[in-house]
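For reference, the structure is listed below as structure tokens.
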Amino acid sequence: MVAIWELLLLVLANHLLRASEAGARPCLRSAMGLDPSYCLSWRVAVEANNVRAWRTVPAQCVRYIEEYMVGGQYCRDLDTVVDQILAYLNGITAAADGLDAWILDVDDTCLSNTLYYKDKHFGGDPFDRMAFKSWALRGTSPAILAVLHLYRKLIERGFKVFLITGRDEEVFCSSTTQNLHAQGFTGYERLIMRSAEFRGAGATAFKSERRKQLVAEGFRIRGNVGDQWSDLLGDCAGDRIFKIPNPMYFVP
């Protein structure tokens, strides 16, 4: 009889030990991608720049990213970012010398490519250079309205706005300019595009060099807004940087 109780106690102790070990590893299922919350964690890691050099949205997260982009949460997150930018803007004043500047990226900062990425499973498909070229040449990307509102505030308050984009100048200059103007982005100081000397260079290197040139001209970069960390990192990034959410693709 004693032996039976000892056996039962041994089984119970082994069960409790396993339960304790499982409790000590609460993120194991999430890390393996078996928990639906994995995709939320992946998106947060992307926005925090902890996930880098990824080529496509994980297959199990495609539906999640679709819902995020078109279901309302993206717009709420975007509005929150712009609210923070406006709060910062309300605390600074453009100097009378006309040298206080802001930098804005173009793709998925000023102009939305969500309609294009809808046909690419919201980043679940590999990047198709020729398909995106055809899309961009159409010049029909809609404005991101919250950023357009911010842009108009910057112009009204006397800041010089520079739009810096990795789009190739020779290929996309005309269509991009027309698209921006048609969507209300007029009155900017300069549209800076990728020239031949920067073909093949990473976005961080290209944009850093262009910002350095602006600083050398005497401009003070008071703020910098982009949807990619490569828009915001590097030299002369500005007094404040603001990241627009974008979990659909990664630009190095």
*Considering only the chain, percent of DSSP beta bridges that pair antiparallel, nearest 5*: 5
_If I compute volume of the Cα convex hull per residue in Å³ from the structure I just sent, which labelled value in [x] 159; [y] 144; [z] 131 lines up?_
[x]
*Any lysines with Cα under 21 Å of the K243 Cα? List them, leaving off those in the same chain fewer than 8 positions away.*
K153, K160, K207, K212
_Rounded, prolate or oblate for the stretch 165-227? Axes are the square roots of the Cα gyration tensor eigenvalues, ordered a ≥ b ≥ c, and the cut-off for rounded is a/c under 1.5._
oblate
_Portion, in percent, of the accessible area of the stretch 32-154 that falls on carbon or sulfur, probe 1.4 Å_ = 54
_Average accessible area per residue (Å²) across the stretch 57-243 - probe 1.4 Å, nucleic acids and ligands excluded_ = 46
*At a Förster radius of 35 Å, what calculated FRET efficiency corresponds to the Cβ-Cβ distance of K133 and S41, to the nearest 0.05?*
0.55
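The values are calculated or read from the model by the stated rules, or taken from the named source; none is laboratory data. Model, not experiment: these values are computed from the prediction. When we count neighbours, we look across all protein chains shown, and the Cβ atoms used for this are built from the backbone with ideal geometry, even at glycine. For accessibility, only protein heavy atoms count, side chains too; no ligands or nucleic acids. Shrake-Rupley method; radii C 1.70, N 1.55, O 1.52, S 1.80 Å.
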